[in-house]
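Everything below concerns the one structure shown next.
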Amino acid sequence: VDAAFRSDLARWVEVQQGAGLDFYSDGLLRWQDIFRPLVESLGIKPHTLVRWFDTNTFFREPEFSSLPSPSGGISIPFPSAGSSIPSPSGGGQGGGLISDGSVPSPRVSTFPSPFMFSRAARTSLDRNRLMVALAESVLRPVIDAAVKAGSELIHLEEPWLGYYGIAKQDWAPLRDALEAVRGKQGATLALHVYFGDAGPHLDQLRTLPVDAIGVDLIETDVATLGGGWDKGLVAGVMNGRQSLVESASSIVEVAGHLADTLRPPALYLTSNCELGFLPTSVAERKVQRLGEAANKVKELVSV
Amino acid sequence: VSTALDHKPLLTHEVGSLDKPGWRVKAYAGKPLSERDLEEARSWGEQLVVPDYQRLLDLLGHGNFSKEQKAEIQRWSSLYALRLEETAGLDVVYDGEQQRTEMYDWAVKHANGFERRGSVRAFDNKYYTKAAVVAPISLASPYHNAEFSYLVSVADAELKVPVTGAYTIADWSFDERNALDTDLRAPAAERRRRRHEARRDFVLQVARNLIRPNLQALIGLGARWIQVDEPGASTEPDELDLFVDSFNASVEGLDAIFSTHLCFSDYNLFFPAIERMSQCRQFAVGFANYDSRELGTSDEARPGYQVIKKFRDLPYKPALGLGVLDIHSDFIESPELVRDRVLYAVKVFGDPARIHVTPDCGLRTRSWRVAFDKLRSMTAGVQLARQELRI
């Protein structure tokens, strides 16, 4: 099994390199869902299967009967930098939590946003307190470890906010949680809202302590993004839930439009959501097309 | 069937799939069988008292199976699964879908208009193969006739045919007929509206042109109870009306008893939409996955079953197929736990004739040993409930 994982990871890296991407991901190939290695590293065995939003994919609910604490001891299987083999990050509890050395730099590491983590959990605890505790005691040490291992971009998945929205009183705790996640780790921190229209939340999103905000442009109207962005924009320009591969020209057009009208300090082109809903061959073709389009955009805007 | 469905209190049945035995999978794939595979065929044949199972052992000993021999091995697998369910004491049975590749793939494979695209994850490290619709949809050939005809000839218990529903087939497929999001600068609301229109057309094409003619073929062979499996039904909460429309388009006016299987969803989402599914005589719904393993018949003891009140109050008074076995765990529910789940449901419904007892879903992710033990525990639990209720 380890050999199969190594082979799949090598292939995935090769596809990203061939596409000319600017950041390389391990594709979370060892993660059975976005919470699993984190939860297992806390010594919790998740049980109940729950639908992942409106997809035919299911995750096991993280269960918290008490707040995770800094002394609670998340166990991070830490691969040695430069290691070309996945062990000890591979297999077992918390397997693959940190990208191994075979993923080239610059790397992007993906984790759940603290808001989504706290909302998707099964708990009777106050969810905002849980959110901050997860940020401080789970995400922060793991992100620190990822940065130490070479990650330069930390990508926080936030479909909960996109799909279900957020109550007014939850913005302040989310801000606290993101401050805790951010720490002094030094990598670029992006919060990617997807599976919904980010438009109604943009005023608040743009004040959060992150370096970049991600939007799902399948669901979000570009006209609502406004202008004069002072944060990076992670633009979800490829549909991770549709097997038809977008044309490079359609991506170039919308990316050029975003660059011209929003003028963000950094524009990241990516899929609107994770690519795990696509067969591997389709995902690979999308990544190749994304790289092709990004190169054209760079030529056009002289990045 | 109609009499049993309407009047037997606490009727028991399976939901659909069972794991495929190693000897069936390897023989069909042309792979060599191990001693363990042969022993599995022997020991289950003996335990389930499968008639003439020695003939299967002789057949498996040959190797290099012809197409006809592979079909025969599949029928043996069906017979074993049927006997497993009958031996466990179920009132209504099928064959654990032994002759199908998988609930989605099997249907799509027999349809025109689809092309396979590859595998995607469902949960943990379990994957399924997805296809894309690329052309008008139609039935290439009826795809449950052969298995049904065989099972009718060998079953002792009543049969219920599980058939994957239109909404789930559409939801688990990609739609490549039209590129709808080619210009992301276009207003999102307009793009969303076009997606919804295309989706509705897709789902109803599957219902009218694939599912309905396949059901008609089954009914023509004498199928009386057909369970429309819709595990994907609540995937899109704003499409529950479309799911209901697809069910009605599939079954309206057909002469059979229809039920629906729903699982792993927030079942509250189905209301009020399913109030329009009046031709659905029973909803088989998974609850155990969400429930406590503690004994008791109070609301507090049965957190996974709180939503059943809504099924009770449906205007056309369908039965509820009460899922009492967690199919994602090897935990064997005790007869007492099954009993308490059943008694709770009877208390809520006030009528044991409206409660049927089932696993949460198909048991294909469990070994036959675990599946058998779970089903036996289920029927034993129903006996305890019957004693308690004096019925």
Sole exception among (1) in contact with an Asp or Glu (Cβ under 8 Å, 6 or more places away or on another chain); (2) within 13 Å of chain B (Cβ to nearest Cβ) for A:Leu191, by number
(2)
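In region A:264-282, which residues are part of a helix (DSSP H, G or I) and touching a Phe, Trp or Tyr at 6+ places or on another chain (Cβ under 9 Å)?
Looking only at region A:264-282, we keep the residues that are part of a helix (DSSP H, G or I), and these are A:280-282.
Once the filter is applied, which keeps residues that are part of a helix (DSSP H, G or I) and touching a Phe, Trp or Tyr at 6+ places or on another chain (Cβ under 9 Å), region A:264-282 yields A:Thr280, A:Val282.
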Is one or more of the residues making up region B:44-57 touching a strand residue (DSSP E or B) at 6+ places or on another chain (Cβ under 7 Å), under 30 Å from B:Leu11 (Cβ atoms) and either of a type in the set (Val, Ile, Thr) or surrounded by 14 or more Cβ atoms within 10 Å (Cβ to Cβ) (or both)?
no
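Would you mind stating whether B:Arg200 is away from chain A (no Cβ under 12 Å), in contact with a helix residue (DSSP H, G or I) (Cβ under 8 Å, 6 or more places away or on another chain) and surrounded by fewer than 20 Cβ atoms within 10 Å (Cβ to Cβ)?
Values: away from chain A (no Cβ under 12 Å): yes; in contact with a helix residue (DSSP H, G or I) (Cβ under 8 Å, 6 or more places away or on another chain): yes; surrounded by fewer than 20 Cβ atoms within 10 Å (Cβ to Cβ): yes.
When the stated conditions are applied, B:Arg200 passes them.
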Among (1) at pLDDT 95 or above; (2) touching a Phe, Trp or Tyr at 6+ places or on another chain (Cβ under 9 Å), where does B:Met103 come up short?
(1)
I'm trying to understand the selection: among the residues of region A:264-297, which are over 24 Å from A:Arg30 (Cβ atoms), free of Cβ contacts under 8 Å to residues at least 40 places away in the same chain and surrounded by fewer than 17 Cβ atoms within 10 Å (Cβ to Cβ)?
A:Pro265
Single residue of B:Gln282, B:Gln205 found to be more than 14 Å from every other protein chain (Cβ to nearest Cβ) and closer than 30 Å to B:Ser334 by Cβ:
B:Gln282
Of everything in region A:241-263 that's surrounded by fewer than 21 Cβ atoms within 10 Å (Cβ to Cβ) and part of a loop (DSSP other than H, G, I, E, B), which residue is farthest from the other protein chains (Cβ to nearest Cβ)?
A:Arg263
Pull up region A:42-59, narrow it to residues that are over 13 Å from A:Pro112 (Cβ atoms), touching a helix residue (DSSP H, G or I) at 6+ places or on another chain (Cβ under 8 Å) and not in a loop (DSSP other than H, G, I, E, B), then point me to the one that is farthest from the other protein chains (Cβ to nearest Cβ).
A:Val50
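Here is a check on your reading of the model: is A:Lys286 more than 10 Å from chain B (Cβ to nearest Cβ) and under 28 Å from B:Ala170 (Cβ atoms)?
It is true that A:Lys286 is more than 10 Å from chain B (Cβ to nearest Cβ) and under 28 Å from B:Ala170 (Cβ atoms).
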Residues in region A:6-16 that are in contact with a Pro (Cβ under 7 Å, 6 or more places away or on another chain) and surrounded by fewer than 17 Cβ atoms within 10 Å (Cβ to Cβ) total 0
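If you take the residues of region B:203-229 that are in a strand (DSSP E or B) and of a type outside the set (D, E, K, R), which of them is surrounded by the fewest Cβ atoms within 10 Å (Cβ to Cβ)? Write out each step before concluding.
Of the residues in region B:203-229, the ones in a strand (DSSP E or B) are B:225-229.
From the residues that got through so far, the ones that are of a type outside the set (D, E, K, R) too are B:225-228.
Details: B:Trp225: 21, B:Ile226: 23, B:Gln227: 26, B:Val228: 26.
Checking each candidate, the answer is B:Trp225.
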Within region B:129-167, restricting to residues that are surrounded by fewer than 22 Cβ atoms within 10 Å (Cβ to Cβ) and among the hydroxyl-bearing types (Ser, Thr, Tyr), the one that is nearest to B:Ile257 (Cα to Cα) is B:Ser149
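When the residues of region A:17-37 are filtered to those that are in contact with a Ser or Thr (Cβ under 7 Å, 6 or more places away or on another chain) and away from chain B (no Cβ under 13 Å), which remaining residue is nearest to B:Asp124 (Cα to Cα)? Working first, answer last.
Of all residues in region A:17-37, those in contact with a Ser or Thr (Cβ under 7 Å, 6 or more places away or on another chain) come to A:25-26, A:28.
Next, only the ones that are away from chain B (no Cβ under 13 Å) stay: A:25-26.
Details: A:Ser25: 20, A:Asp26: 18 Å.
Within region A:17-37, the match that is nearest to B:Asp124 (Cα to Cα) is A:Asp26.
Counting only residues that are under 24 Å from A:Val142 (Cα atoms) and more than 17 Å from the chain's Cα centre (by Cα), how many does region A:33-55 have? Please lay out each step first, then the result.
Going residue by residue through region A:33-55, those that are under 24 Å from A:Val142 (Cα atoms) are A:33-47, A:52.
Remaining after also requiring more than 17 Å from the chain's Cα centre (by Cα): A:40-47.
So the count comes out to 8.
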Across region A:24-74, what is the total count of residues that are crowded, with 20+ Cβ neighbours inside 10 Å and of a type in the set (Gly, Ala, Ser)?
3
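The values are calculated or read from the model by the stated rules, or taken from the named source; none is laboratory data. The structure displayed is predicted, hence computed values, not measured ones. Note that we place each Cβ from the backbone using ideal geometry, even for glycine, and neighbour counts take in every protein chain shown.
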